[in-house]
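For reference, the structure is listed below as structure tokens.
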Amino acid sequence: MILLSCNKTKTEFKVEGLKPIYVTENDFYDIKNLSEQKLVNTGSIYLWKNFFLIAEYRKGIHVYDRTNPSNPIYISYLSIPGCVDFTITGQTMFVDNGFDILSINISNILSIKLNTVLKNQTKNPIEKPANYKGYFECVDRDKGYYIGWDSTILVNPKCRTMDYDL
Amino acid sequence: MIFKKNGMKKTQSILLALCAVFIFSGCSKEGILDSGSTDKNKSGSITKFAIVNQYMYSLNSSNIDVYDIAHPELPVKINSVKVAPIIETIFSFGNHLYVGAPDAIYIVQTTNPISPVVVGSEVHIQMGCDPVIVKDNIAYSTIRTGRQCGRLEKVNELQVIDVRDVYNPKTLKRINMNYPSGLGYDGSLLFVCDGPGGIAVFDIKTPQNPERIQTIKNVDAVDVITDEGLLIISTPTEFHFYDYTDLNNIVLKNKIVKS
């Protein structure tokens, strides 16, 4: 037993875990409507006009038509890489994408348009995967724009979530 | 300037009643109508944004960032004010922002909207997660511990806080809950998402003394929006729509299920 644990500390520590997915700057600011996407890791909920919106963490926003309020119908998906949270005033949506504040024209929710990017507004102290307990590769902003997590085998990972993060 | 459409009349009548009762406390009708935004916009209670007139307040790590959104296509950051080491949720009511943090609720005055000032706080002894909402002179906040939300002591409760004196808020009551998180009100009804415990419905006709009158079961409720008799609930895996026009017979009308 003692020998085994000594060996372990000398060799590389390999473990299943998560690594950040990085995208290029162009892809990160490619704000557009897409057809229906799966609800996977949802966040904030919001009512605006006849629409019910659900944030998809780090990815975008699902849009439902709720002309019949108790029977919402999926009408569009807003692909907004990095999307953490959002709010709306008038015909404009503001999004925190983990780095910047975006202003998006949603006067036609089926054809949204990016107005402005206010760069480098948010300091997220520790980037960590949600709903996850275990090791992960630490996020390195120098590697690009991070938008999510992939499964991988990690070698000597330095980051770890100690408890479920819901 | 237009208050959220839902409950506007109710809010006005409650306001008038409360102004009559608390006239000495400086209860300001126009202050309350100032909050909220145009259109029928409603967020859940777990949010990092608040819009008040032409200003947007955005939680950013330990600060509230202030943006001038008079021209929303071109927001301008005009200030950033430190509140606490970690801040999590924000709710605007009257001339104040109520900020939920793991260690306390902070009350931030926006009499000068471009220069928010922290005026008061109500410190929890325990570390916990805690959205906060405010109705008139009473704040309702949930504290939950366990999972990622603090580990010092297991506390899961709804706190009722007197915020009439924003410089010196006082916890009036602590009500035991299961694993509470988001909360919202409609008139004299307070809905508290209680995780696996479902949704607790309180009568808040006497705002400082919520009376639990109903529980919606079989739902792992996380956050809530009330909308004219319709309750929208988020859970870790689903979204539920309940008709609560008859409190004795709250009906699940629909679900959105994650695939």
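Return the residue satisfying two criteria in turn: it lies in the range B:237-259 and is assigned to a strand (DSSP E or B) and farther than 15 Å from A:Phe52 by Cα, and of such residues it is nearest to the other protein chains (Cβ to nearest Cβ).
The extreme case among them is B:Lys253.
Just wondering, is there one or more residues in the range B:24-40 that are surrounded by 16 or more Cβ atoms within 10 Å (Cβ to Cβ), at pLDDT 50 or above, of a type outside the set (A, V, I, L, M) and assigned to a strand (DSSP E or B)?
no
In the range A:147-166, which residues are exposed (fewer than 12 other Cβ atoms within 10 Å of the Cβ), small (Gly, Ala, Ser) and at pLDDT below 85?
Those that are exposed (fewer than 12 other Cβ atoms within 10 Å of the Cβ), small (Gly, Ala, Ser) and at pLDDT below 85: none in the range A:147-166.
What number of residues in the range A:81-135 are in contact with a helix residue (DSSP H, G or I) (Cβ under 6 Å, 6 or more places away or on another chain) and without any contact (Cβ under 8 Å) to a residue 60 or more places away in the chain?
Of the residues in the range A:81-135, 0 are in contact with a helix residue (DSSP H, G or I) (Cβ under 6 Å, 6 or more places away or on another chain) and without any contact (Cβ under 8 Å) to a residue 60 or more places away in the chain.
Got a sec? Which of B:Phe202, B:Phe191 is among the aromatic types (Phe, Trp, Tyr), under 30 Å from B:Gln109 (Cβ atoms) and in contact with a Ser or Thr (Cβ under 8 Å, 6 or more places away or on another chain)?
Of the residues listed, the single one that is among the aromatic types (Phe, Trp, Tyr), under 30 Å from B:Gln109 (Cβ atoms) and in contact with a Ser or Thr (Cβ under 8 Å, 6 or more places away or on another chain) is B:Phe191.
In the range A:102-131, how many are in a loop (DSSP other than H, G, I, E, B), among the β-branched types (Val, Ile, Thr) and in contact with a Leu (Cβ under 7 Å, 6 or more places away or on another chain)?
1
Suppose we keep only residues that are in a loop (DSSP other than H, G, I, E, B) and among the charged types (D, E, K, R) within the range A:132-145. Which one would you say is surrounded by the most Cβ atoms within 10 Å (Cβ to Cβ)?
Checked the range A:132-145; the qualifying residue surrounded by the most Cβ atoms within 10 Å (Cβ to Cβ) is A:Glu137.
Read through the list (1) surrounded by 22 or more Cβ atoms within 10 Å (Cβ to Cβ); (2) in a loop (DSSP other than H, G, I, E, B); (3) touching a Phe, Trp or Tyr at 6+ places or on another chain (Cβ under 8 Å), then give the number of the only condition that B:Gly197 fails.
Condition (1) is where B:Gly197 drops out.
Name the residues in the range A:79-99 that are buried (at least 22 other Cβ atoms within 10 Å of the Cβ) and among the aromatic types (Phe, Trp, Tyr), would you?
Correct list: A:Phe86, A:Phe94.
How many of the residues making up the range B:207-236 are within 11 Å of chain A (Cβ to nearest Cβ), surrounded by 14 or more Cβ atoms within 10 Å (Cβ to Cβ) and over 14 Å from A:Ile45 (Cβ atoms)?
2
Could you give every pair whose Cβ atoms fall below 6 Å, whose first residue belongs to the range A:37-51 and is under 15 Å from A:Ser76 (Cα atoms) and more than 7 Å from chain B (Cβ to nearest Cβ), and whose second residue is of a type in the set (Val, Ile, Thr) and surrounded by 22 or more Cβ atoms within 10 Å (Cβ to Cβ), counting only separations of at least 6 or pairs across chains?
Close Cβ pairs (under 6 Å, with a partner that is of a type in the set (Val, Ile, Thr) and surrounded by 22 or more Cβ atoms within 10 Å (Cβ to Cβ)) amount to A:Phe51/A:Val63.
Restricting attention to the range A:34-55, report how many residues are within 22 Å of B:Thr89 (Cα to Cα) and either touching a Cys at 6+ places or on another chain (Cβ under 7 Å) or assigned to a loop (DSSP other than H, G, I, E, B) (or both).
Result for the range A:34-55: 2.
Suppose we keep only residues that are surrounded by fewer than 24 Cβ atoms within 10 Å (Cβ to Cβ) and more than 9 Å from every other protein chain (Cβ to nearest Cβ) within the range B:55-70. Which one would you say is farthest from A:Gly98 (Cα to Cα)?
This residue is B:Ala70.
Tell me, which residue of the range A:79-101 that is at the interface with chain B (Cβ under 10 Å from one of its Cβ atoms) and assigned to a loop (DSSP other than H, G, I, E, B) is farthest from A:Val117 (Cα to Cα)?
A:Gly90
Any residue in the range B:71-90 that is in contact (Cβ under 8 Å) with a residue 24 or more places away in the chain, facing another protein chain (nearest Cβ under 9 Å) and in a loop (DSSP other than H, G, I, E, B)?
yes
Any chance you could count how many residues in the range B:237-247 are surrounded by fewer than 20 Cβ atoms within 10 Å (Cβ to Cβ) and without any contact (Cβ under 8 Å) to a residue 24 or more places away in the chain?
5
The values are calculated or read from the model by the stated rules, or taken from the named source; none is laboratory data. Not measured: the values here are computed from a predicted model. Glycine also receives a Cβ, built like all others from the backbone with ideal geometry; neighbour counts cover every protein chain displayed.
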